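Since the structure comes first, as structure tokens, the remarks are kept for the end.
The values are calculated or read from the model by the stated rules, or taken from the named source; none is laboratory data. Quantities reported herein were computed from a predicted structural model and do not represent experimental measurements. Note: ideal-geometry Cβ built from the backbone for every residue, glycine included; neighbour counts use all protein chains shown.
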Amino acid sequence: MRLFTALALCLVLFVASPAHAILGQELDSEQQTQGYGRIFGFVCGGLSVIAVLIVAAHVIRGMVDESKRGKKKGRMPETILDNAPPMKKQALYLGEKVPDWKFASRRAATAAALQFITRNDDWFDEEYITKVVSKAFRAIKGAIEVRSVKKVEHLVTDKCLEELQAEMARLKKKGDLHLFGQIEITDVQVVQLQVPAQKLKQTFIALISVKSRDFFQDDKTGELLRGDRKTYAYQEFWTFKRSKERWMVESIRTSSDMDNVLAAKNVMTQTDLDKFARKADPEHVREFIPG
């Protein structure tokens, strides 16, 4: 802008110089009048040129500013997206998912009861129960894969052992392998408690949330028989019964049995229930019956 203005002023001075020289000569009044007229014309012309240059400069600057508007400095979004870490694939879901609302009250009640019971019996410590459940789950799924109960006999009740043996016999007879691959246990929630006075009758049911494969293949050819080799998320209800040495798996049920599992109330002795009710949330107490 300043450069255009300076050039315009120079142009005016250049144009006006001859006129000034003419006025410096001896002229009569009519010639002087004509000379002043020419000077006025030169000045007006110069001012017009200046105005045109200023307007042109303003227009050019506006066009440049408009072209820059909305452009962000720095890395482009495309570059940022290209360098972003790949999104983790979500696992597909297998079977029915137990909705949170269906057991939210039960989950809160059993969690509060576990804390209460653990004061006198550390077998009900939540962290300990989670370890027991996770270990048993991995061991039994591994046993199913190799179709042998040798490594899990001490982890299951007689009834559960018979069911596992029958399942493995069917797999061997048909020449099938039931495979799970790498198992990821994402959550363990105790959703049902039976804590009568006799310890050997005490049980709990855990809702186990898992991600793994789940398919059948021919044990000789490796041909895929049922399912696929994708990773799936799924849930199962596992019932554990207390023995003299450890918690033992008593039964395994699919998530589709959720209504039957959650219909049964939690059980505590009347004495324990009375103590629990003194400080517990009334909503939690309603999830229990004496027994």
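Listed values, structure above:
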item	result
Residue in the stretch 200-212 that is surrounded by 18 or more Cβ atoms within 10 Å (Cβ to Cβ), closer than 16 Å to Ile140 by Cα and touching a Gly at 6+ places or on another chain (Cβ under 9 Å) present	yes
Unique residue being more than 18 Å from Thr239 (Cβ to Cβ) and acidic (Asp, Glu) when the list is Glu162, Glu126, Glu167, Glu145	Glu145
Subset of the stretch 103-134 that is in a helix (DSSP H, G or I) and of a type in the set (Lys, Arg) - its residue that is surrounded by the most Cβ atoms within 10 Å (Cβ to Cβ)	Arg106
Qualifying residue in the stretch 234-255 (condition: aliphatic (A, V, I, L, M) and within 28 Å of the chain's Cα centre (by Cα))	no
Given (1) surrounded by 19 or more Cβ atoms within 10 Å (Cβ to Cβ); (2) in a helix (DSSP H, G or I), index of the condition Thr239 fails	(2)
Where a residue in the stretch 249-271 is assigned to a helix (DSSP H, G or I) and its partner, wherever it lies, is surrounded by 14 or more Cβ atoms within 10 Å (Cβ to Cβ) and among the aliphatic types (A, V, I, L, M), with Cβ under 7 Å and at least six apart	Ser255/Val98; Met258/Val98; Val261/Val191; Val261/Ile205; Leu262/Val191
The stretch 263-272 - residue that is over 19 Å from Glu126 (Cα atoms) and either small (Gly, Ala, Ser) or touching a helix residue (DSSP H, G or I) at 6+ places or on another chain (Cβ under 7 Å) (or both) and, of those, surrounded by the fewest Cβ atoms within 10 Å (Cβ to Cβ)	Ala263
Filter pass, Phe137 being modelled with pLDDT under 95, assigned by TED's automatic domain parsing to the domain that holds Phe215, crowded, with 19+ Cβ neighbours inside 10 Å and in a helix (DSSP H, G or I)	no
Cβ-Cβ under 8 Å pairs, at least 6 apart or on other chains, the stretch 114-129 side under 19 Å from Val285 (Cα atoms), far side part of a loop (DSSP other than H, G, I, E, B)	Leu114/Asp125; Phe116/Ala280; Thr118/Asp125
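Residue by residue, here is whether (1) under 17 Å from Ala113 (Cα atoms); (2) at pLDDT 95 or above; (3) in contact with a Ser or Thr (Cβ under 7 Å, 6 or more places away or on another chain) holds:
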residue: Gly181; (1), (2), (3): no, yes, yes
residue: Ser209; (1), (2), (3): no, yes, yes
residue: Ser212; (1), (2), (3): no, yes, yes
residue: Thr221; (1), (2), (3): no, yes, no
residue: Leu224; (1), (2), (3): no, yes, no
residue: Lys244; (1), (2), (3): no, yes, no
residue: Trp247; (1), (2), (3): no, yes, no
residue: Ser256; (1), (2), (3): no, yes, no
residue: Glu287; (1), (2), (3): yes, yes, yes
